[in-house]
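Q: The structure's right below; bear with me while I get my questions together.
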Amino acid sequence: MQTVWLTGAEWLAVLRIGLGLWWLESWRHKDRKGWFERGTGIAWAADVAAKHRWPQVGKGFDTVVAPRPRLMAYVVVYAELCVGLGLVTGLLTPVALAGGLLLNLLYLVLMIHDWAEQGQNAMMALISLVALLAMSWQTWSLDSALGLFP
């Protein structure tokens, strides 16, 4: 598909790179000292999960996250960095898109009661899905240069 300025594949790459920059900004502005040393991010999520309208969310949080809060803080924070770098460079792009989609969906479920919080995550999830289904790694990516994911 040809458009006025870029091809369709190039526009998909722009979308993928923009999403990657969005993830990197999320990582950049995160208070890592608070997350890692004071446990603020996981403590906030524990409070939300405990009050969640779906009891399964609280039970899942208590089973997976609560026993290992420091590890989970590192997983969340560095997953954002890895997703962002993967999308910007186009390295392991399908993995980065699926990981980002999973992070967004987990947050959407956690914050289901507060739709004011959901706009950003819904848009990021939608872009991830479009970029994944349209195979946005075929242009301007290390995946393409290395012949990965043809």
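Q: Sort Glu25, Glu10 by accessible area with a 1.4 Å probe, largest first. Write down the numbers at each step before the final one.
A: On the way: Glu25 80, Glu10 50 Å².
So, going from the largest accessible area down, we get Glu25, Glu10.
Q: So, for the chain, what is the accessible surface per residue at a probe of 1.4 Å, expressed in square angstrom?
A: Per-residue accessible area for the chain comes out at 58 Å².
Q: Hey, could you grab the Kirkwood Rh for the stretch 9-54? Inverse mean 1/r over distinct alpha carbon pairs, Å, one decimal.
A: 13.0
Q: Using just the helices of the chain, give the 222 nm mean residue ellipticity in deg cm²/dmol: DSSP H runs with n ≥ 4 each add -39,500 (n - 2.57), and the total is spread over all residues, rounded to 500.
A: Numbers: 7 runs with 102 residues, N = 150.
Helix contribution divided over all residues of the chain: -22000 deg cm²/dmol.
Q: Among the lysines, select those whose C-alpha is under 21 Å from the C-alpha of Lys51, and discard any that sit fewer than 8 residues away in the same chain.
A: Candidates past the 8-residue exclusion: Lys59.
Q: Still on this structure: Tell me, what % of the accessible area of the stretch 4-71 is carbon and sulfur with a 1.4 angstrom probe? Show your work: numbers first, answer last.
A: Details: 2770 of 4370 Å².
On the stretch 4-71, the fraction of accessible area on carbon and sulfur atoms equals 64 percent.
Q: Ratio of alpha-carbon Rg to the 2.2 N^0.38 Å globular estimate for the stretch 51-150, to two decimals, please. Please list the in-between numbers first.
A: Values: Rg = 15.6 Å, N = 100, 2.2 N^0.38 = 12.7 Å.
Rounded to two decimals, the normalised Rg is 1.23.
Q: Could I get the Rg over Rh figure for the stretch 42-96? Both from C-alpha atoms, Rh via Kirkwood, rounded to two places. Don't skip to the answer; put the middle values down first.
A: Working: Rg = 14.2 Å, Rh = 12.6 Å.
On the Cα set of the stretch 42-96, Rg over Rh gives 1.13.
Q: What's the FRET efficiency of Leu71 with His29 using the Cβ-Cβ distance as r and R₀ = 25 Å, to the nearest 0.05?
A: That pair, Leu71 with His29, gives E of 0.65.
Q: Once you place label points 7 Å from the Cα toward the Cβ at Leu106 and Leu133, how far apart are they in nm?
A: 2.4
Q: May I pose another question? Applying 1/(1 + (r/R0)^6) with R0 = 30 Å to the Cβ-Cβ distance of Arg38 and Val95, what FRET efficiency is obtained, to the nearest 0.05?
A: Calculated transfer efficiency: 0.45.
The values are calculated or read from the model by the stated rules, or taken from the named source; none is laboratory data. Please read these numbers as outputs of a predicted model, since none were measured by experiment. All Cβ positions, even for glycine, are placed from backbone atoms using ideal geometry, and neighbour counts span all protein chains on display. What goes into the accessible areas is simple: the full protein's heavy atoms, side chains included, and nothing from ligands, DNA or RNA. Shrake-Rupley method; radii C 1.70, N 1.55, O 1.52, S 1.80 Å.
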